[in-house]
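First the structure, in the form of structure tokens, and then the observations on it.
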Amino acid sequence: MPSTRRDRRGDGRSKRSKRSRRSRRPLVVVVVAVLLVVGGLGAWTVVNDGYLFGIRTPLAAPDYEGTGGEPVTVEVPQGANGAAIGAELAEKDVVASVGAFVHAYGANPDAAAIQPGTHTLKARMSAASAVELLAENKIDRAGFTVPEGYAISQIKQSLIDQGWPQAEVEATFQDIASLLPPEAGGEPEGWLFPSSYEVKPGQTPAAEVVTQMINETTRILEELKVPAKQRETVLIKASLIEREARLDKDRPIMAAAIENRLAADEWLGIDASLLYGLGRTSGGLTSAELADGSNPYNLSVRGNKGLPPTPIAAPSRESIEAVMNPADDPDVFYWCTVNLETGETKFANTQEEHDQNVAELHAWMEENPNWGG
């Protein structure tokens, strides 16, 4: 009897041992399978960007944490993709790596709206924070502005005053004929369109700035369907209007007066043209200056009928449009700004009416002797 019990106990131990061995086999298979899966996913992160289901792994590109430190100015070029922007940011130590930025760029749906220009970010910020801040498009749009009515000499000096090297500016304007379209006849006056341009000294060469202004003038003329052969003439007329008109509503009427006087073979008598010929943009005129027919921009003498030889300033789009669409007024011949403060201008059909308007101007000037606007 005792031997039987031992046999049963022995049989029991034997059975338990067999079950244990059998239970280990599937564990080995499961462990191998897990290792295969993890190994496959690890390979996937290597092939891609080191992220597993959107979570960083040790294989991901280096990235900073937080929103950064001191401000850093970064220029985003036109048409730049995530990799190009990332390279610029990594070079300036805004982000830790291009790879981290590219991943954050692809993960943020607002990244596609990032605009070119000068952005202010921070040093050593996380890639996600960098993309988020760029997408706010708080762009430094400071650049170079050409006011309406500026002459070439003023534009040139403005470039120098705003930081472009004088030697570079001088060289650009000395060779400016090569930048102009054929219809300009080598004369740059009037061809540098007045507008704001996102350009900066040290980043944009002076020649490129001037080229942008010329291209904008050409674009406007093409958009308004001005024939190439008429463009120089249109710019001359528009420049006269630009320097004379204070209010937009007066531009088409001035354009009509110019056309009417030219058709009647009358001299234009526009003071702004004479001032340009004298190298000035404002001020009074002496009797000698008004009588000097050797100045081709003096449109007040009988020998200088017609238009001046070139534009006298950079005309606005509104002035160009006025030339292309003058007011339907075949009798208007004269204009006179009777209030220099408000810009009120009166038009006349006869010399007598014009003389009355000039008298009104003189009366205003007597009442405002200190006016310097």
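The values are calculated or read from the model by the stated rules, or taken from the named source; none is laboratory data. This one's a predicted model, so the numbers in the text were calculated from it and none came from an experiment. Quick reminder, even Gly has a Cβ in these numbers, built from the backbone with ideal geometry, and neighbours come from all protein chains shown. Ligands, DNA and RNA are stripped out before the accessible areas are found, and what is left, the full protein with its side chains, is counted by its heavy atoms. Shrake-Rupley method; radii C 1.70, N 1.55, O 1.52, S 1.80 Å.
Using a cutoff of 8 angstrom between alpha carbon atoms and counting only pairs six or more residues apart, the relative contact order for the stretch 180-277 works out to 24 percent.
Each residue, residue 266 and residue 247, gets one label point 7 Å from its Cα in the Cβ direction; the gap between the two is 2.2 nm. Answer rounded, prolate or oblate for the stretch 106-199, using the Cα gyration tensor with square roots of eigenvalues a ≥ b ≥ c: rounded when a/c is under 1.5, else prolate when a/b is larger than b/c, else oblate. Prolate is the answer for the stretch 106-199, as a/c is 1.5 or above and a/b outweighs b/c.
Heavy atoms of the protein chains alone define the surface here; on that basis the stretch 198-282 has 45 Å² accessible area per residue at 1.4 Å probe size.
Over its Cα atoms, what ratio of radius of gyration to 2.2 N^0.38 Å does the stretch 301-346 give?
1.44
Residue 362 sits with roughly 100 Å² accessible to a 1.4 Å probe, with DNA, RNA and ligands left out of the calculation. The tail of the calculated P(r) for the stretch 265-373, taken as Cα-Cα distances beyond 21 Å, holds 46 percent of the pairs. Residues 341, 189, 170, sorted by accessible area with the largest first, give 341, 170, 189 [1.4 Å probe; ligands and nucleic acids excluded]. Amide H contacts for residue 199 (H built 1.01 Å from N in the peptide plane; partners 5 or more residues away or on another chain; cut-off under 5 Å): 144.
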